[in-house]
Every structure is written in C-alpha cells, then in structure tokens.
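K.L.:
Here's a structure for you.
The values are calculated or read from the model by the stated rules, or taken from the named source; none is laboratory data. Note that the coordinates shown come from a computational prediction; the quantities given were computed from them, not determined experimentally. Neighbour counts run over all protein chains shown; Cβ positions are idealised from the backbone, glycine included.
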Amino acid sequence: MQLTLSVRMAVVVALGLASAVPVGAVEFAVVGPRAAAMGGAGVAGTSDAFATYWNPAGLVVSRSVDVRGQFTAHATDRLGVINTLDDINSINKNDTSAANQARLQGLLNRLNAPGANVSAVGDAGVYAKFNVGAHAFGISIADVATGGLFTATPLTAVVSGTNLAVTGSMAGKALEARQLTFSYATSFLDGTLAIGATGKAIQGAAYNATVQVLDAASETGVKDNIGKAQLSTKIGLDIGAIYRPTAWAKAGVVAKDINEPAFDAPNGERYKLGAQIRGGLAVTPWETMTIAVDGDITSNKTLIPGLKSQVIGVGLEQTLLGESLALRAGASKNLQDAASKVLPTAGLGLKLWVLRLDLGGGYDFRERQAMASGAIGFTF
C-alpha cells in the first residue's frame, strides 16, 4: 500500500470536500505542529496562540502578541482498508468464474472483518492572542474536521448479468466544525493558578454517505459519494486551568465542549461534539528543555461505530541557539484501539526575529497511521 494514497483518501473522507489548506461523536484533535511533534501533548505546555484550542488558561502564562496559521492532518487505516480497496478494484469484473468470484469475496471479507475502517482528523485555521495586564485574550477562525469510512452492511460478491458485482456498502461519515472562537484567561495567587474559557460559534457541516466499494479506489468516486453537507449552527464552551507550583513545572486540565453541541446530519442523524476532558503535565528540568505528557481523561466516541479514542502522548523539546532552533520528538497511543500502534512523532521549529516556522508529524512505520502539520506565525 502506498501511504500517500491512504492519507490522501482518508483526509478526503474526513474533510468531506472542505478546503484546507463526524447519534455519532468525535475524538480530540491535535492542533499545531509543536504539539503534533511532541506526541500530541499540549494541555499544560501551550502558551502561544494555539492555547485558544488546547487550554485557554495557557494564554496568560506568557506575555506576547502572537498570531499563527496552521494545518494538521492525522489518518489511521486499520486492517489495511485502503490497500484492500485497491486490490478489489484491480479485479477483472468481466471474469465471472467461480475462482474470480471467490477471490473477490476473500478481499471483501477483509472489509467485513471487525475493526476494518479508516479514520481521519484534519484541522486548519488562524489563531491569535494578546495580553492586557493580568488578563489575556485569544481569537481564532478554524475548521476542525473528523470522519470515518467503515463497512455499514456486509459485502458479498455476486454475479450480475455478465459482470461481478458487490452487494452491501461502506459508509462515509464526517463532521466539519467551522468555528469562530473568543477566549479569555486570567491568573491568581501571583501567577500560580490560571483559568480560562473559550466560547465558540460553530457551524457544523455534517456528511453521511453510502460508498460503493467498486468505486472507492477512485478519489473522485469517494468525493462524489460523500455528497453535500447538512449545515446547522450551535454554541460551544471550553474551560481550562493551569497550576504552576514552581517555575519549572505546570499541570493543566481542559474540558472541551462541556455543553455537548449536536449537529443535524443527513438521513435524520445527529453528530455530537461530546464533552472531552484532557489533562497534561509539562516540566522544564533546565531552561532549554521541556518534557510534556498529555492524556484523555474521558474515553471519546467517534463517528465509527464501536471505535473509541483515549490517547496518551509524551514529548520533549530542546531549544538551541537562543531559541532560534527547537528540536522536538514524542509518541502517542490510542489506548482504546487495539488495532493502532504507537505513533512516533518528531518536528522542528525556527525562530527568525518575530517570524516562527514550525513543522511536525508522525509515522508508525507500518503504513497504518500518519500525521503531518505545519504553521507560520509572528510573535511580538
């Protein structure tokens, strides 16, 4: 299987024709290349503009005017779904012999297997923050999308006229949360405790489509099957806190979408942004080194039936040359998903006066899971 094809098709399913750069529920998304490179750890250690997403309390931890634009995409192909779709569409459909039909059914049985699915999360947006005295403010315009491709009804090889055909189908579901957010944070007890909140106006673009297996090898076919989105608008609320008992250690917690906004989807379904609680620690053993760990306290449902997400991630960052260069590495694992492996991650950041350039990503070396992220920003 070519990983590039897997990532490309999975992101198409997740974004449902969104420009860039899932009653179902969604998982926690990684936003920004620094967190992506550090195993998805960002709740306690993020104090730049991306704190509007990770933990609004982080906005007040450092004083700056910070503007960032970013994209992040993360795809997981469980049990080789994309590779199997490629193999299915390479079969000669004009050959209706018992042997060829059996070969097709063998491939379909891979897609019928429990746990065979593709999931993807993609996000892109612009984030900004600034400080006024002991207060901090943040704003963002972003699109956070998640989705999945899975077998909805059992797939069976049959002969239809003079050709092989497949009964049953796969389903593609996705939710774009197009959002305008405003964040506020303040600190107490000489900066030991910080709290923050983010209010969000969210337009949900929900997709629900039947995907014909014999068309799925074509990107155009997948896009056509995704269909048009059903739109609805809701309000969301995140709250967070950071505790700094010493100058070298921080503990953070964030509760996202605590009001659990739900969006109308095609075929009478509803997709919900379920409440998510995530905690994190960040320590600085010396001035240029940061070690961070994050974990989902809640087990989060996804748009794929039976699949849950509860991720733990760890990462480190070493800055060099007066913080002009940052080297990052980490790893993450979904504890609720036996089919996914540990995802190693890495990345780097460059600081050129006020300009910030960051890249991050991960690859599991089994052609099952990949993540990529990039950002440009300005810090004053």
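K.L.:
Would you check if Q336 is buried (at least 19 other Cβ atoms within 10 Å of the Cβ) and modelled with pLDDT under 95? Break it down stepwise before answering.
P.N.:
Values: buried (at least 19 other Cβ atoms within 10 Å of the Cβ): no; modelled with pLDDT under 95: yes.
It is false that Q336 is buried (at least 19 other Cβ atoms within 10 Å of the Cβ) and modelled with pLDDT under 95.
K.L.:
Now a separate question. Just checking, which of A247, A292 is among the small types (G, A, S), surrounded by 15 or more Cβ atoms within 10 Å (Cβ to Cβ) and more than 16 Å from the chain's Cα centre (by Cα)? Full working, then the answer.
P.N.:
Details: A247 fails: surrounded by 15 or more Cβ atoms within 10 Å (Cβ to Cβ).
Going through A247, A292 in turn, the sole match is A292.
K.L.:
Okay, moving on. Against the condition at pLDDT 85 or above and over 21 Å from L175 (Cα atoms), how does T46 come out, does it pass?
P.N.:
Numbers: at pLDDT 85 or above: yes; over 21 Å from L175 (Cα atoms): yes.
Yes; evaluated as a whole, the condition is true for this residue.
K.L.:
Next question. Given the condition part of a strand (DSSP E or B), of a type in the set (D, E, K, R) and at pLDDT below 95, answer yes or no: does some residue in segment 181-203 qualify? First the steps, then the outcome.
P.N.:
Within segment 181-203, the subset part of a strand (DSSP E or B) is 181-188, 193-203.
Next, from what is left, pick out any that are of a type in the set (D, E, K, R): 200.
Add one more test, that the residue is at pLDDT below 95, and what stays is none.
No, segment 181-203 has no match at all.
K.L.:
Quickly run through segment 29-77 and pick out the residues that are small (G, A, S), farther than 24 Å from G148 by Cα and crowded, with 24+ Cβ neighbours inside 10 Å.
P.N.:
Filtering segment 29-77 for residues small (G, A, S) gives 29, 32, 35-37, 39-42, 44-45, 47, 49, 51, 57-58, 62, 64, 69, 73, 75.
Going one step further and asking which of them are farther than 24 Å from G148 by Cα, we end up with 42, 44-45, 47, 49, 51, 57-58, 62, 64, 69.
Matches in segment 29-77: G42, A44, G45, S47, A49, A51, A57, G58.
K.L.:
Hey, N83 hits all of (1) modelled with pLDDT under 95; (2) touching a Leu at 6+ places or on another chain (Cβ under 7 Å); (3) not hydroxyl-bearing (S, T, Y) but one; which does it fall short on?
P.N.:
Evaluating N83 over (1) modelled with pLDDT under 95; (2) touching a Leu at 6+ places or on another chain (Cβ under 7 Å); (3) not hydroxyl-bearing (S, T, Y) leaves (2) as the failure.
K.L.:
What are the residues in segment 204-234 that are modelled with pLDDT of 90 or more and polar (S, T, N, Q), if any?
P.N.:
Selection gives N208, Q230, S232, T233.
K.L.:
Among residues belonging to segment 147-159 that are within 30 Å of G274 (Cα to Cα) and among the hydroxyl-bearing types (S, T, Y), point out the one that is surrounded by the fewest Cβ atoms within 10 Å (Cβ to Cβ). Reasoning before the result, please.
P.N.:
So in segment 147-159, the residues within 30 Å of G274 (Cα to Cα) come out as 147-154.
This time we only want the ones that are among the hydroxyl-bearing types (S, T, Y), so: 151, 153.
Working: T151: 22, T153: 12.
Selected residue: T153.
K.L.:
Confirm whether A136 is buried (at least 21 other Cβ atoms within 10 Å of the Cβ) and under 30 Å from F71 (Cα atoms). Give the derivation first.
P.N.:
Numbers: buried (at least 21 other Cβ atoms within 10 Å of the Cβ): yes; under 30 Å from F71 (Cα atoms): yes.
The answer is yes for A136.
K.L.:
Please verify whether segment 96-109 includes one or more residues that are under 15 Å from the mean Cα position of the chain (by Cα), buried (at least 24 other Cβ atoms within 10 Å of the Cβ) and not aromatic (F, W, Y).
P.N.:
Initial filter on segment 96-109 (under 15 Å from the mean Cα position of the chain (by Cα)): none.
No, every residue in segment 96-109 fails to be under 15 Å from the mean Cα position of the chain (by Cα), buried (at least 24 other Cβ atoms within 10 Å of the Cβ) and not aromatic (F, W, Y).
K.L.:
May I pose another question? Kindly evaluate L316 against the criterion of being over 18 Å from the mean Cα position of the chain (by Cα) and on the phi > 0 side of the Ramachandran plot.
P.N.:
Working: over 18 Å from the mean Cα position of the chain (by Cα): yes; on the phi > 0 side of the Ramachandran plot: no.
No: the conditions fail for L316.
K.L.:
Being under 16 Å from the mean Cα position of the chain (by Cα) and surrounded by fewer than 18 Cβ atoms within 10 Å (Cβ to Cβ) is true for just one of P344, P285. Which residue is that? Steps first, answer last, please.
P.N.:
On the way: P285 fails: under 16 Å from the mean Cα position of the chain (by Cα).
Only one candidate passes the filter, namely P344.
K.L.:
Only residues that are surrounded by 16 or more Cβ atoms within 10 Å (Cβ to Cβ) and β-branched (V, I, T): list them for segment 160-185, please.
P.N.:
V166, T181
Residues checked against (1) touching a Lys or Arg at 6+ places or on another chain (Cβ under 9 Å); (2) of a type in the set (S, T, N, Q); (3) closer than 20 Å to G204 by Cβ:
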residue	(1), (2), (3)
L104	yes, no, no
N109	no, yes, no
A113	no, no, no
A116	yes, no, no
F137	yes, no, no
G148	yes, no, yes
T151	no, yes, no
V159	no, no, no
L164	yes, no, no
